[in-house]
Amino acid sequence: MQESLAILQKYWKHDTFRSPQEEIITSVLDGKDTFGLMPTGGGKSICFQVPAMMRSGICLVISPLVALMKDQVQRLQKLDIKAIALTGGIQSEEIITLLDNCEFGNYKFLYLSPERLQSDWILERIKNLPINLIAIDEAHCVSQWGHDFRPAYLKIAHLKTHFPKIPFLALTASATKRVLEDVIMQLNLDKPAVFQKSFARKNIAYMVFEVEDKLYRMEQILKKKSTTIDYIC
């Protein structure tokens, strides 16, 4: 893992990986479908960004939120890593140009929503890209939204037909055992390696207060000079 650690240090200025980042990266580099269940702030994006940087080609990242895609693309661009997001509102002519850049411009990351995969011509262009990894961010949406108001999530598995030898990496911060199993089934993951980190957060306390003046009590909490405990009321 010396190469992955070198990339982590070069671009993200971290000396070590958080658990289970290293295990997930190793699994992906071994060509295995992988599922990472990690708490918010656990560094999920590193799990696909580092291995994608280690291989030639481009990483396809499927994400549900435009703001999330834009934020990650901006962060990568600030690191001088070439990344593109196909967000809503982009005209077809511009999409063609962006996909040309992905195919011929040595880009490393292409972000898009699952709905983009429903456009046959976009899918045809993606099939011609040198995809090295397919990452599904906020993967719980495959189960929780896929059956509901974003059925496009249920079609992500069709990419398996076009990229049978490319590993899938599903990442989320919220999934029960049932949701995890459903996501694995809906994405048609092949005997995925599953990595789960404890959601216990020592810096968070959950408390219930019975008070007459809620706003005054909240003001007291917010003024409390504690840097070790976050209160959620």
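Within the stretch 13-48, track down each residue that is farther than 25 Å from Asp182 by Cα and polar (S, T, N, Q).
Scanning the stretch 13-48 gives a single hit, Thr16.
Would you pick out the residues in the stretch 168-199 that are over 23 Å from Leu68 (Cα atoms) and either open to solvent by 80 Å² or more (accessible area, probe 1.4 Å) or among the small types (Gly, Ala, Ser) (or both)?
Within the stretch 168-199, Lys177, Arg178, Glu181, Met185, Asn188, Asp190, Lys191, Ala193, Ser198 meet the criteria.
Within the stretch 164-219, can you find the residues that are assigned to a loop (DSSP other than H, G, I, E, B), of a type in the set (A, V, I, L, M) and at pLDDT 90 or above?
Ile166, Leu187, Leu189
Would you mention how many residues in the stretch 31-54 are free of Cβ contacts under 8 Å to residues at least 60 places away in the same chain and assigned to a loop (DSSP other than H, G, I, E, B)?
2
Out of all the residues in the stretch 1-30, which are part of a loop (DSSP other than H, G, I, E, B) and polar (S, T, N, Q)?
Thr16, Ser19
Against the definition (touching a helix residue (DSSP H, G or I) at 6+ places or on another chain (Cβ under 6 Å), among the polar types (S, T, N, Q) and open to solvent by less than 80 Å² (accessible area, probe 1.4 Å)), how does Gln49 come out, yes or no?
no
For the stretch 103-151, which positions are modelled with pLDDT of 90 or more and among the basic types (Lys, Arg)?
Lys108, Arg116, Arg125, Lys127 - these are the residues of the stretch 103-151 that are modelled with pLDDT of 90 or more and among the basic types (Lys, Arg).
The values are calculated or read from the model by the stated rules, or taken from the named source; none is laboratory data. The structure presented is a predicted model; accordingly, all values stated were derived computationally and were not measured. For neighbour counting, all protein chains shown are included, and Cβ atoms are generated from backbone atoms with ideal geometry for every residue, glycine included. To get the accessible areas, we keep the full protein, side chains included, count just its heavy atoms, and leave off ligands, DNA and RNA. Shrake-Rupley method; radii C 1.70, N 1.55, O 1.52, S 1.80 Å.
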